[in-house]
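Just so you know, all these numbers are worked out from the coordinates, no wet-lab data involved. Here the structure is a predicted model, which means the values were calculated and not measured. Here the Cβ positions follow ideal geometry from the backbone for every residue, glycine too, while neighbour counts run over all protein chains shown.
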Amino acid sequence: MNVLAIETSCDETACAVVSIKHPGEGRAVVLADVIHSQTLHARYGGVVPEIASRAHIEQVVPTARAALATAGIDRPDAVAATAGPGLIGAVLVGLSFAKAAALGWGVPFVAVNHLEGHLLSALLDDPAPAFPFLSLVISGGHTTLYEARGVGDYRVLCETTDDAVGEAFDKVARMLGLGYPGGPRVEQSARTGNPRAINFPMPRPAASPMDLSFSGLKTAVRTRLERHPDSRTEDVAASFQDTVARYLVDRVLQGVALTGIRRVALGGGAAANGHIRDAMVATGLHVFLPPKARCTDNAAMIANVAALHLAAGRVASPLGTSARARWEVSA
Ligand code: KG4
Ligand code: ZN
């Protein structure tokens, strides 16, 4: 069974085709994974939703054609799309296109939660984690540690109460004048910085020891820059990044202690960060890291979720499924 998926939740128009043996819950194999990244937003210092929606409208058909051509198929057996969470106008473009394409081809349509895409993205590569495993999703809008017990069966172990990891990187990049996109630029700057130069406090939200919080760390960076305007940008970037990495490792270790599960997958844009990846590997846990291009937004992870659900016997989604700006993966 070949599944075409469309992902347009933010500023990437992405289309992919995966293949999975049906029935039976085997692994999905990526046949095509095409991404058109919008560069129009750079001069605004962040993603402009209306510009993103319009660019998706222009790009979705050529990107889908390119994915089908690369996969060498004319007609998939199912069409999937991200139905949320994300920028609502942007999500609508891919969702509407996917529904129309499924209807035209007379094949099932599957609505996919973008976060579930990140959560299971490690399953696309070798070696893939066996269930149950822990999955840390660190993206631009979400930061959650899940216990993945099976396809569609997830428990939230801890979650940020304010900013997401990627968002914190983006905000710190702006404070340091590094521009957009923030995450990769902070990482680049940190390469020549000293991670021990500044001792930023590890955030500890009062409500629950398992919660995550990044707004305090962001404020600590701002205060540092106000009090010491001569601080080396590279040192601030490296110290901030190292604090985030140690903090995430701490929460993962708590998750391991709570569940006894030692397989840990990473997903989401900030999982492309080399320092965070290295810190996870250094724990000695069995860590599963998707390739960097599959940490940031892509459609292969969306096709993967749809394929796994269909192979596990889930029925297709109604064509009336609407786009959702917010959508928890376990709901
Ligand atoms: O998963 P993603 O591509 O989109 C969302 O679902 O949000 O994640 C984007 C986020 C951005 O905030 C970006 O700054 C961050 O991931 N990011 C990084 C790196 N690459 C992307 N953060 C830290 N280091 C990176 N190398
Ligand atoms: Zn994402």
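Quick look at the values:
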item	result
Loop-resident sites, the stretch 229-331, for trypsin sites (Lys or Arg not before Pro), counting at most 16 other Cβ within 10 Å (DSSP)	Arg232, Arg262, Arg314, Arg326
Dipole magnitude of the stretch 145-215, debye to nearest 20 (Cβ charges: Lys/Arg +1, Asp/Glu -1, about Cα centre)	340
Percent RCO, i.e. relative contact order, over the chain, from Cα pairs under 8 Å lying at least 6 residues apart	25
Contact order normalised by residue count of the stretch 129-289, Cα under 8 Å, 6+ apart, percent	29
Whole-angstrom gap from the stretch 71-95 to the stretch 127-199, using each part's C-alpha centre	25
Listed residues Leu124, Ile88, Gly267: farthest to the positive end of the dipole of the chain (Cβ charges)	Gly267
Those trypsin sites (Lys or Arg not before Pro) in the stretch 194-226 that DSSP places in a loop and that have at most 15 other beta carbons within 10 Å	Arg196
Highest-first arrangement of 167-178, 107-118, where packing means the average Cβ count within 10 Å	107-118, 167-178
Between the stretch 14-62 and the stretch 297-327, the Cα center-to-center distance that results, in Å	14
Positive-end residue, the chain charge dipole about Cα centroid, Cβ charges, pick of Ala102, Tyr146, Gly193	Gly193
Chain lengthening between Ser215 and Asp126 when straightened (0.36 nm per residue, less Cα-Cα)	28.5 nm
Three-way shape call for the stretch 129-289 based on the alpha-carbon gyration tensor, with the a/c threshold at 1.5	prolate
Residue order, fewest to most beta carbons within 10 Å, for Asp211, Asp278	Asp278, Asp211
Computed lengthening from Thr283 to Lys21, 0.36 nm per intervening residue step minus Cα-Cα distance	90.8 nm
